[in-house]
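One structure is given below, encoded as structure tokens.
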Amino acid sequence: MPKIYEYLGIIFFFYSNEHEPIHVHARKGEFESKATIVLTEGIVSKVVITNVKGKKPLKGKDLADLKDFLSEFADDIVRKWVDYFVYHKRVDFRRINKRLK
């Protein structure tokens, strides 16, 4: 389960047995949501945030922080997903403690 980012206490990660479509999990404490990244002709066209079965979803300020992060880092998440699941490369972890917006 590679952790790829931490943003204001929200941990972004992939489960090691992931599948398409490209998506990332975001957890803070007992709360977890999933963001599916939709590509059109190789370009991020949409990000869809959904609940994770059996988990309480991120909400309020944390959900807003998740959306802000995804608007800035969706392309990087796609690159890390491809590197990890397609090329079987190790992906780096990055911690961001300053608010993006």
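What follows draws every value from the coordinates through simple rules; no lab data is involved. Bear in mind the structure is a predicted one, so any value in this text is a computation, not a measurement. A quick note on method: Cβ atoms are made from the backbone with ideal geometry, for glycine too, and the neighbour counts reach across all protein chains shown.
Here are some notes:
- Among L39, L58, L70, the largest mean-square fluctuation in a Gaussian network model of the chain (Cα springs under 10 Å) belongs to L39.
- Environment charge of T36, counting only residues whose C-beta is closer than 12 Å and scoring Lys/Arg +1, Asp/Glu -1: 0
- Using only the C-alpha atoms, the convex hull of the chain corresponds to 96 Å³ per residue.
- Distance between the 7 Å Cα→Cβ label points at I96 and T36: 2.4 nm.
- From helices alone, the chain scores -9000 deg cm²/dmol at 222 nm; the rule is -39500 (n - 2.57) for each run of n ≥ 4 DSSP H residues, then divide by the residue total.
- Neighbours of M1, meaning other residues whose beta-carbon lies under 11 angstrom from its beta-carbon, give a summed charge of +1 when Lys and Arg score +1 and Asp and Glu score -1.
- Measuring between alpha carbons in the structure, the pairs from K3/K61; K53/K89; K28/K98 lying more than 25 angstrom apart are K53/K89.
- Computed from backbone phi with θ = phi - 60° and the Karplus coefficients 6.51, -1.76 and 1.60, the 3J(HN,Hα) list for the range 33-50 is 10, 10, 10, 8, 9, 9, 10, 10, 6, x, 10, 5, 10, 6, 10, 10, 9, 10 Hz; x is used for glycine and proline.
- Value of relative contact order over the range 3-96, rounded to a whole percent, pairs C-alpha under 8 Å and six or more apart: 29 percent
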